[in-house]
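Here is the structure we will look at.
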Amino acid sequence: MVATTEEQVEAVRALVASIPPGRVATYGDIASAAGLSSARTVGWIMRTDSADLPWHRVLGASGRPAPHLAHRQIAKLELEGVPIRDGRVDLAAARHRLDQSG
């Protein structure tokens with residue numbers, strides 16, 4: 001397994017920080033923009049180094065938050081005006097286009 005570099009961590013952090021209020025991105029969107037091979041790497045980075053970031057704006061590809069975060073995450077997103085239906089973010093309406101240069 002290849003170690004995640006500090007540059008990759010910082011690229012992910014910068015991309016998450018760039019998501020404006022009312023918009024969201026998926027783990028896969030961020031992985032692609034950061035040049036990472038896996039959305040799981042983004043998930044690992046988010047679990048270990050995102051307390052000071054708008055973590056609630058990052059979702060899985062289904063648009064549903066993780067069950068253990070669902071209540072908090074949906075509440076934060078609703079306050080920002082993100083369109084949510086049946087516990088799922090409308091990705092077509094709310095997805096933020098990330099800068100591919102990382």
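The values are calculated or read from the model by the stated rules, or taken from the named source; none is laboratory data. It should be emphasised that the depicted structure is a prediction, and the values quoted were computed from it without experimental measurement. Neighbour counts run over all protein chains shown; Cβ positions are idealised from the backbone, glycine included. For the accessible areas, the whole protein counts, side chains as well, though only heavy atoms, and no ligand, DNA or RNA atoms are used. Shrake-Rupley method; radii C 1.70, N 1.55, O 1.52, S 1.80 Å.
Key figures
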quantity: Value of Rg/Rh across the chain [Cα atoms, Kirkwood radius]; calculated: 0.95
quantity: Pair-distance profile P(r), taking every C-alpha pair of segment 51-102, with 5 angstrom steps and integer %; calculated: 4, 19, 33, 25, 12, 6, 1
quantity: Residues of segment 22-53 with amide N under 13 Å of the 7 Å Cα→Cβ point at LEU79; calculated: 22
quantity: Computed over segment 2-46: relative contact order in percent, which uses C-alpha pairs under 8 Å that are six or more apart; calculated: 38 percent
quantity: Nitroxide proxy distance, nm - points 7 Å out along Cα→Cβ at ASP49 and ALA93; calculated: 3.5 nm
quantity: Built amide H within the under 5 Å cut-off of ARG64, gap 5+; calculated: VAL89
quantity: Portion, in percent, of the accessible area of the chain that falls on carbon or sulfur, probe 1.4 Å; calculated: 52 percent
quantity: Magnitude of the charge dipole, segment 1-94, Cβ model with Lys/Arg +1 and Asp/Glu -1, debye to 20; calculated: 320 debye
